[in-house]
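To start, the structure under review is shown below, and the notes come after it.
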Amino acid sequence: MSCYFCGGSRIASIHSAPGRDVRSWSVGSMALTRRYDGEPIVRVELDTSVELDVSVNGSCGETVGADVTANAYIEDIKYCPFCGEEL
(Lines give C-alpha, C1' and ligand atoms only; values in the text may rest on other atoms or scores of the structure.)
Protein backbone atom coordinates (compact mmCIF):
# COMPACT_ATOMS: atom_id res chain seq x y z
CA MET A 1 0.00 0.00 0.00
CA SER A 2 1.50 3.33 -1.03
CA CYS A 3 1.14 6.50 0.99
CA TYR A 4 -1.26 9.34 0.18
CA PHE A 5 1.57 11.67 -0.87
CA CYS A 6 3.74 9.54 -3.16
CA GLY A 7 0.91 7.36 -4.51
CA GLY A 8 0.17 10.08 -7.08
CA SER A 9 0.39 13.82 -7.65
CA ARG A 10 -1.36 14.77 -4.44
CA ILE A 11 -1.19 17.87 -2.30
CA ALA A 12 -0.33 17.58 1.40
CA SER A 13 -0.81 20.38 3.93
CA ILE A 14 2.14 21.80 5.85
CA HIS A 15 1.28 22.70 9.43
CA SER A 16 3.01 25.00 11.88
CA ALA A 17 5.04 23.50 14.70
CA PRO A 18 3.65 25.38 17.70
CA GLY A 19 4.81 25.29 21.29
CA ARG A 20 3.17 23.26 24.02
CA ASP A 21 -0.62 23.52 24.29
CA VAL A 22 -0.92 25.68 21.18
CA ARG A 23 -2.95 24.50 18.21
CA SER A 24 -1.15 24.17 14.86
CA TRP A 25 -2.58 25.64 11.68
CA SER A 26 -1.94 25.13 7.99
CA VAL A 27 0.87 27.34 6.65
CA GLY A 28 1.12 25.96 3.13
CA SER A 29 1.25 22.84 1.00
CA MET A 30 3.59 20.35 -0.66
CA ALA A 31 2.94 18.64 -3.99
CA LEU A 32 4.91 15.85 -5.66
CA THR A 33 5.35 16.53 -9.38
CA ARG A 34 7.65 15.45 -12.21
CA ARG A 35 10.19 17.54 -14.10
CA TYR A 36 10.36 17.60 -17.88
CA ASP A 37 12.71 14.58 -17.75
CA GLY A 38 10.38 12.60 -15.48
CA GLU A 39 12.41 13.00 -12.28
CA PRO A 40 10.33 13.68 -9.16
CA ILE A 41 10.44 17.11 -7.50
CA VAL A 42 8.55 18.54 -4.54
CA ARG A 43 6.85 21.91 -4.82
CA VAL A 44 6.54 23.73 -1.50
CA GLU A 45 4.19 26.67 -1.12
CA LEU A 46 4.20 28.67 2.13
CA ASP A 47 1.60 31.29 3.01
CA THR A 48 2.39 34.03 5.48
CA SER A 49 1.37 37.54 6.46
CA VAL A 50 3.74 40.50 6.64
CA GLU A 51 3.22 43.82 8.38
CA LEU A 52 5.16 46.86 7.22
CA ASP A 53 5.56 50.24 8.93
CA VAL A 54 5.40 52.93 6.26
CA SER A 55 6.36 56.57 6.88
CA VAL A 56 6.81 59.44 4.42
CA ASN A 57 9.48 62.09 5.12
CA GLY A 58 9.61 61.11 8.78
CA SER A 59 5.90 61.75 9.35
CA CYS A 60 3.76 59.42 11.40
CA GLY A 61 3.77 55.99 9.82
CA GLU A 62 0.98 53.61 9.09
CA THR A 63 1.02 49.85 9.34
CA VAL A 64 0.24 48.00 6.13
CA GLY A 65 -0.44 44.29 6.00
CA ALA A 66 0.21 41.98 3.07
CA ASP A 67 -0.42 38.29 2.45
CA VAL A 68 2.60 36.62 0.85
CA THR A 69 2.98 33.23 -0.83
CA ALA A 70 6.48 31.83 -1.34
CA ASN A 71 7.09 28.98 -3.77
CA ALA A 72 10.09 26.66 -3.85
CA TYR A 73 11.07 23.49 -5.66
CA ILE A 74 13.15 20.72 -4.11
CA GLU A 75 14.85 18.65 -6.80
CA ASP A 76 16.59 15.28 -6.84
CA ILE A 77 14.11 13.69 -4.46
CA LYS A 78 15.02 10.05 -3.98
CA TYR A 79 12.58 9.15 -1.18
CA CYS A 80 9.09 10.22 -0.19
CA PRO A 81 9.34 12.85 2.59
CA PHE A 82 6.33 11.28 4.35
CA CYS A 83 6.72 7.51 4.17
CA GLY A 84 10.37 7.12 3.12
CA GLU A 85 9.55 4.91 0.12
CA GLU A 86 12.00 5.17 -2.79
CA LEU A 87 10.47 7.14 -5.66
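Within the stretch 34-53, take every residue that is open to solvent by 70 Å² or more (accessible area, probe 1.4 Å) and modelled with pLDDT under 75 and give me the one that is nearest to S13 (Cα to Cα). It would help to see each step written out before you state the result.
Of the residues in the stretch 34-53, the ones open to solvent by 70 Å² or more (accessible area, probe 1.4 Å) are 34, 36-37, 39, 43, 46-49, 51-53.
Next, only the ones that are modelled with pLDDT under 75 stay: 52-53.
Details: L52: 27, D53: 31 Å.
Here the residue is L52.
Looking for something touching a Gly at 6+ places or on another chain (Cβ under 6 Å) and not acidic (D, E) - is there at least one such residue anywhere in the stretch 25-41? If you could, list the steps in order and put the result at the bottom.
To start, the set of residues in the stretch 25-41 that are touching a Gly at 6+ places or on another chain (Cβ under 6 Å) comprises none.
Looking for residues that are touching a Gly at 6+ places or on another chain (Cβ under 6 Å) and not acidic (D, E), one finds none in the stretch 25-41, hence no.
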Identify all residues within the stretch 5-27 that are over 13 Å from I74 (Cβ atoms) and in a strand (DSSP E or B); write none if there are none. I11, A12, S13, H15, S26, V27
Go through the stretch 62-87 and report how many residues are open to solvent by less than 100 Å² (accessible area, probe 1.4 Å), part of a strand (DSSP E or B) and not aliphatic (A, V, I, L, M). 4
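Do we find that C3 is surrounded by 12 or more Cβ atoms within 10 Å (Cβ to Cβ), at pLDDT below 80 and not small (G, A, S) in this structure? Can you show your working first?
Details: surrounded by 12 or more Cβ atoms within 10 Å (Cβ to Cβ): yes; at pLDDT below 80: yes; not small (G, A, S): yes.
Against the criterion (surrounded by 12 or more Cβ atoms within 10 Å (Cβ to Cβ), at pLDDT below 80 and not small (G, A, S)), C3 qualifies.
The values are calculated or read from the model by the stated rules, or taken from the named source; none is laboratory data. This structure is a prediction, so every number in the text was calculated from the model and none was measured. Don't worry about glycine lacking a Cβ; one is built from the backbone with ideal geometry, like all the others, and counts go over all protein chains shown. These area figures cover heavy atoms from the full protein model, side chains too; ligands, DNA and RNA do not enter into them. Shrake-Rupley method; radii C 1.70, N 1.55, O 1.52, S 1.80 Å.
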